[in-house]
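Data block below; observations after.
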Amino acid sequence: MLLELDDHATAVAQARAAGRRRAFTVNAVRVLLVVAVLGSWELAATYWIDPFYYSKPSAIWDRLVDWFTTGTSQGSIWTQIAYTLEEALIGFVLGSVGGVVLGIVLGRSRFLSDVCAPFIKAANAIPRIILASLFVIWFGLGMSSKVATAFILVFFAVFFNAFQGAREVDRNLVNNARILGASRTAVLRTIVVPSATSWILASLHSAFGFAIIGAIVGEYSGADKGLGLLINHAQGTFDSAGIYAGMIIITVIALLAEWLLTLLERRLLRWRPPVAANEARI
Amino acid sequence: MPTQAEPDGPAIELRDATKRFRSSSGGVHTAVRNLDLAVRAGEFVAVVGPTGCGKSTTLSLVSGLEPPSAGEVLVHGRPVDGIPAGVGYMFQNDAVLPWRTVLDNVAAGPRYRGVAKREARERARDWVGRVGLGGFESYYPHQLSGGMRKRVALAQTLVNEPSILLMDEPFSALDVQTRGLMQDELLRLWAGDDPLGKGGGAAVVFVTHDLEEAVVLGDRVVVMTAGPATVKASFDVPLKRPRDAEEIRLTPEFLEIYREVWESLREEVQITRERSAGNAA
């Protein structure tokens, strides 16, 4: 009996050790890959290709250090980041709220969705990035034109998922709630919204990326501050290292946002079986 | 289960009820035709019929989820318009909310009916215990087995103390042993504190395609025709209560009534089989 217990403990320990070893190997290979890519780029740019066009990792690193220590051509880097982030966040919040509300309303009303279907299809077919130029004319060079661009990109991404989520609510659940005594608003609040939540959360992941794209493209079309302006300026002065540096900053911001959203998702979707959650993380 | 049923008059009455649906191909599909059925307060009626004949539609007429196309549906003597008070409905598929714990699932009914949160949870806790899930209050449905989820659904329905209980093949997805256990459990809960096991007063309409289940549970077995459904025959089940769902199948009385009902049901099953064979060909 005791022996069996011992056996079990050893088996568990062995399984854990094997798991750790595997994780270590995976991480080690990842680091090697990064070193290999950056190293060959650095070497190539030093000996063969022209770093004026392609830049090189060390130059990009120097540019980043320079931006964060002495500031950019447009002023402090933190001001630029804060400005872009503010635009993206406002656009993200407004677009998500609008998309969720309209998506659920249309998803629950056959009549409204039938009426609006062709218009929504048409609106979705518009290359929305072009609207950024229009918004600059409408709202000027300030923050509101960028917020509008971010909003329009986020809105459609979230809207379609919320719409689909509200449509695919299990009829059984709705009928059951009605029998149990739920009013129309109670059905909406306790059945439709929670059912659509996993759809909506899935769309929020890509939506924050869209919000940043919207803000940057908006700044690109004309702005007095922001990361998009910084990149545009780098382009204007043939500063390829600056473009890469801007790209890296935006990537880091997007990854941080993604991480926060994953935390939120895990909190809201606690009830889901863990297998599905694992798949979702990959 | 206490009853709010009026002393005289049936708890449920369908008079010449017909239900048609528009089918997706543009035609009209008649699910229920000229159905007459009355269920007394406190009576346990099992409805059997071939698969897909329109048994479930009958339940949705009584529950008020679907209005009849013709004829009348009365609950406690009043025409059904919307969902009548005192109706509980257990669906064939799981209808528990996956994002709520067992306790909050069971508390849903009272909450919808305006009971304060604390009070609703108190009632829910009581019922979770009564269906044998004490200790699982904070589990989510995906952490439970199929049989346990059925218990949650049962508690969710019974916590509202329905005077009319509609059940649509609730145990059909369970394995045989769990099904027997749930049948016993249902009979026990339906009987409430009544030592004779005759039921505390809720009228039950239990739809199933399993004749054995129908005879084990019902005071009366109603046989439906192959679709469109209408009542073909009704048999009183002379088996004494309280019944042991698993033991009673072995008695000669059980076999006798089973054989009698099966004679009637067989023809309808045959018709359904021939039709589906015709469709497949």
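The values are calculated or read from the model by the stated rules, or taken from the named source; none is laboratory data. What you see is a predicted model; the values in this text were computed from it and never measured. Neighbour counts run over all protein chains shown; Cβ positions are idealised from the backbone, glycine included.
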Inset, instruction - May I ask you to list the residues in region B:150-163 that are out of contact with any Ser or Thr (no Cβ under 7 Å at 6 or more places or on another chain), more than 11 Å from chain A (Cβ to nearest Cβ) and outside any helix (DSSP H, G or I)? - result: B:E161
Inset, instruction - Could you list, in sequence order, all residues of region B:72-97 that are modelled with pLDDT of 90 or more and more than 24 Å from B:G42 (Cα to Cα)? - result: B:V96, B:L97
Legend entry - Yes/no for A:I200 being in a helix (DSSP H, G or I), buried (at least 22 other Cβ atoms within 10 Å of the Cβ) and within 14 Å of chain B (Cβ to nearest Cβ): yes
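Within region B:176-193, how many residues are in a loop (DSSP other than H, G, I, E, B) and either in contact (Cβ under 8 Å) with a residue 12 or more places away in the chain or touching a Cys at 6+ places or on another chain (Cβ under 6 Å) (or both)? Working first, answer last.
Our first condition is that a residue be in a loop (DSSP other than H, G, I, E, B); within region B:176-193, this holds for B:192-193.
Okay, now just the ones that are also either in contact (Cβ under 8 Å) with a residue 12 or more places away in the chain or touching a Cys at 6+ places or on another chain (Cβ under 6 Å) (or both), so B:192.
Matching residues across region B:176-193 total 1.
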Inset, instruction - Tell me, yes or no, whether region B:76-83 has at least one residue that is in contact with a helix residue (DSSP H, G or I) (Cβ under 7 Å, 6 or more places away or on another chain), surrounded by fewer than 20 Cβ atoms within 10 Å (Cβ to Cβ), within 13 Å of chain A (Cβ to nearest Cβ) and farther than 22 Å from B:F171 by Cα. - result: yes
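Taking into account only those residues within region B:130-144 that are within 14 Å of chain A (Cβ to nearest Cβ) and touching a residue at least 24 places away in the same chain (Cβ under 8 Å), which is nearest to B:Y89 (Cα to Cα)?
To start, the set of residues in region B:130-144 that are within 14 Å of chain A (Cβ to nearest Cβ) comprises B:138-144.
Next, only the ones that are touching a residue at least 24 places away in the same chain (Cβ under 8 Å) stay: B:138-142, B:144.
Working: B:S138: 24, B:Y139: 23, B:Y140: 22, B:P141: 19, B:H142: 22, B:L144: 21 Å.
Top of the filtered list is B:P141.
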Inset, instruction - Just need a number here: residues in region B:61-107 that are farther than 12 Å from B:A17 by Cα and in a helix (DSSP H, G or I). - result: 7
Legend entry - Flag if A:G222 is at positive phi and either within 27 Å of the chain's Cα centre (by Cα) or small (G, A, S) (or both): yes
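Can you pull out every residue in region B:1-15 that is in contact with an Asp or Glu (Cβ under 7 Å, 6 or more places away or on another chain) and at pLDDT 90 or above? Talk me through it step by step, then tell me what you get.
Just the residues of region B:1-15 that are in contact with an Asp or Glu (Cβ under 7 Å, 6 or more places away or on another chain), to begin with: B:1-2, B:14-15.
Scanning region B:1-15 gives B:L14, B:R15.
Right, B:T58: buried (at least 20 other Cβ atoms within 10 Å of the Cβ) and of a type in the set (S, T, N, Q) or not? Walk me through it before giving the result.
Values: buried (at least 20 other Cβ atoms within 10 Å of the Cβ): yes; of a type in the set (S, T, N, Q): yes.
So B:T58 fits the description; yes.
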Inset, instruction - Answer yes or no: is there a residue in region B:220-236 that is buried (at least 19 other Cβ atoms within 10 Å of the Cβ) and over 21 Å from B:V32 (Cβ atoms). - result: no
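For region B:20-33, which residues satisfy the criterion of being surrounded by 12 or more Cβ atoms within 10 Å (Cβ to Cβ) and either in contact with a Gly (Cβ under 7 Å, 6 or more places away or on another chain) or modelled with pLDDT under 85 (or both)? Can you show your working first?
Of region B:20-33, the ones surrounded by 12 or more Cβ atoms within 10 Å (Cβ to Cβ) are B:20-21, B:29-33.
Passing the criteria: B:A31, B:V32.
Hey, could you check region A:141-171 for residues that are part of a helix (DSSP H, G or I) and within 14 Å of chain B (Cβ to nearest Cβ) and say which is farthest from the chain's Cα centre (by Cα)?
Among residues in region A:141-171 that are part of a helix (DSSP H, G or I) and within 14 Å of chain B (Cβ to nearest Cβ), the one farthest from the chain's Cα centre (by Cα) is A:R171.
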Legend entry - Residue satisfying all of: in region B:84-103; more than 7 Å from every other protein chain (Cβ to nearest Cβ) and of a type in the set (A, V, I, L, M); surrounded by the fewest Cβ atoms within 10 Å (Cβ to Cβ) among these: B:A85
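Output yes when any residue across region A:170-184 is in contact (Cβ under 8 Å) with a residue 60 or more places away in the chain and in contact with a helix residue (DSSP H, G or I) (Cβ under 6 Å, 6 or more places away or on another chain), and no when none is. Talk me through it step by step, then tell me what you get.
Keep residues of region A:170-184 that are in contact (Cβ under 8 Å) with a residue 60 or more places away in the chain, which gives none.
So far as region A:170-184 goes, no, none of its residues is in contact (Cβ under 8 Å) with a residue 60 or more places away in the chain and in contact with a helix residue (DSSP H, G or I) (Cβ under 6 Å, 6 or more places away or on another chain).
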Inset, instruction - Any chance you could count how many residues in region A:64-76 are at pLDDT below 90 and under 14 Å from A:L230 (Cα atoms)? - result: 6
